[in-house]
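Reading through the structure tokens given below for one structure.
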Amino acid sequence: MTLMNVQAHWEKIYGEKSADAVSWYRAHLEISLQVIERVASGYSASIIDVGGGESTLVDDLLTRGYRNITVLDVSQTAIEVTKRRLGPASEQISWLVGDIVETELMPNAYDIWHDRAVFHFLTQEDDRMAYVRQVANAVKPGGHVLVGTFGPEGPTKCSGLDVVRYDAESLHKEFGVSFRLLDSFKELHRTPFGTTQQFLYCLCRVE
């Protein structure tokens, strides 16, 4: 899909469905929060949530005291929903609208890169390579990268799009030797519709 088609697709999804009416919705991203608190050097740690959209991760990070947060999403609609939800607190957040494989990010800007359910939509090798280059450029040496995708038993499609499923070895292989795999874990996510989806998370450190 071209950038324009990707944006149009997600604007349609977020324009038609409420935040809690999409399969990946979770009231609180407990695993992500636990890992971020584990690896963050302090509340001033610079965190980017890639594909943050309407996720409540930013709410929970603010509540915990983190104050250097960036949220990136391809959908302006999703960003606006989250801004309204946060109210005046939204002014504390840096907001970026764009496709992660093309958005220009500052080098060595982030201590923690978080992505739950973006990378698995990158079915083209060129897009995955562009994503990894973005991570390598934007995350500080010694910084941490937490990526969550559908696991080996997860869905093969989501929101009408094909996805790539991963185990820990295959996901880490996409990133390469510049990223040291520290941990991996699976999650059985219960969707708002009562079904389950297997997620796979990998935590890496940039060497």
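The values are calculated or read from the model by the stated rules, or taken from the named source; none is laboratory data. Here the structure is a predicted model, which is why all the values come from computation and not from measurement. Note that we place each Cβ from the backbone using ideal geometry, even for glycine, and neighbour counts take in every protein chain shown.
Answer yes or no: is there a residue in the stretch 185-194 that is closer than 25 Å to D99 by Cα and among the small types (G, A, S).
Checked the stretch 185-194: no residue is closer than 25 Å to D99 by Cα and among the small types (G, A, S).
Only one of these conditions is not met by W95: (1) outside any strand (DSSP E or B); (2) under 16 Å from G52 (Cβ atoms); (3) in contact with a helix residue (DSSP H, G or I) (Cβ under 8 Å, 6 or more places away or on another chain). Which number is it?
(1)
Quick one: count up the residues across the stretch 31-53 that are under 13 Å from the mean Cα position of the chain (by Cα), aliphatic (A, V, I, L, M) and buried (at least 20 other Cβ atoms within 10 Å of the Cβ).
Result for the stretch 31-53: 4.
I'd like the full set of residues that are under 12 Å from A138 (Cβ atoms) and surrounded by 14 or more Cβ atoms within 10 Å (Cβ to Cβ), limited to the stretch 96-107.
L96, I100, T103, L105
Are any of the residues in the stretch 151-169 among the polar types (S, T, N, Q), under 17 Å from M129 (Cα atoms) and more than 15 Å from the chain's Cα centre (by Cα)?
no
Please state which one of I112, I100 is more than 16 Å from G53 (Cβ to Cβ), under 13 Å from the mean Cα position of the chain (by Cα) and touching a residue at least 24 places away in the same chain (Cβ under 8 Å).
Result of the check over I112, I100: I112.
Tell me, please, whether a residue that is at pLDDT 95 or above, of a type in the set (V, I, T) and not in a strand (DSSP E or B) can be found in the stretch 185-207.
Checked the stretch 185-207: no residue is at pLDDT 95 or above, of a type in the set (V, I, T) and not in a strand (DSSP E or B).
Of the numbered conditions (1) surrounded by fewer than 22 Cβ atoms within 10 Å (Cβ to Cβ); (2) among the charged types (D, E, K, R); (3) in a strand (DSSP E or B), D115 satisfies every one except a single condition; which is it?
It fails just one condition, (1).
Would you point out the residue of the stretch 71-95, among those that are loosely packed, with under 14 Cβ neighbours inside 10 Å and in contact (Cβ under 8 Å) with a residue 12 or more places away in the chain, that is farthest from D59 (Cα to Cα)?
Checking each candidate, the answer is S94.
Would you be able to say whether some residue in the stretch 122-143 is part of a loop (DSSP other than H, G, I, E, B), of a type outside the set (V, I, T), touching a residue at least 24 places away in the same chain (Cβ under 8 Å) and under 21 Å from V22 (Cβ atoms)?
yes
Hey, could you check the stretch 54-70 for residues that are touching a strand residue (DSSP E or B) at 6+ places or on another chain (Cβ under 8 Å) and β-branched (V, I, T) and say which is surrounded by the most Cβ atoms within 10 Å (Cβ to Cβ)?
V58
Being in contact (Cβ under 8 Å) with a residue 40 or more places away in the chain and β-branched (V, I, T) is the filter; apply it to the stretch 157-195 and report the residue that is farthest from H120 (Cα to Cα).
Here the answer is T195.
Those residues that are assigned to a loop (DSSP other than H, G, I, E, B), surrounded by 15 or more Cβ atoms within 10 Å (Cβ to Cβ) and either modelled with pLDDT of 95 or more or hydrophobic (A, V, I, L, M, F, W, C) (or both), I need them from the stretch 156-178; list them, please.
Matches in the stretch 156-178: V163, V164, R165, Y166, D167.
I need the full set of residues from the stretch 115-166 which are farther than 18 Å from L188 by Cβ, in contact with a strand residue (DSSP E or B) (Cβ under 8 Å, 6 or more places away or on another chain) and of a type in the set (D, E), in order please.
If the condition is that a residue be farther than 18 Å from L188 by Cβ, in contact with a strand residue (DSSP E or B) (Cβ under 8 Å, 6 or more places away or on another chain) and of a type in the set (D, E), then D115 is the only one that fits.
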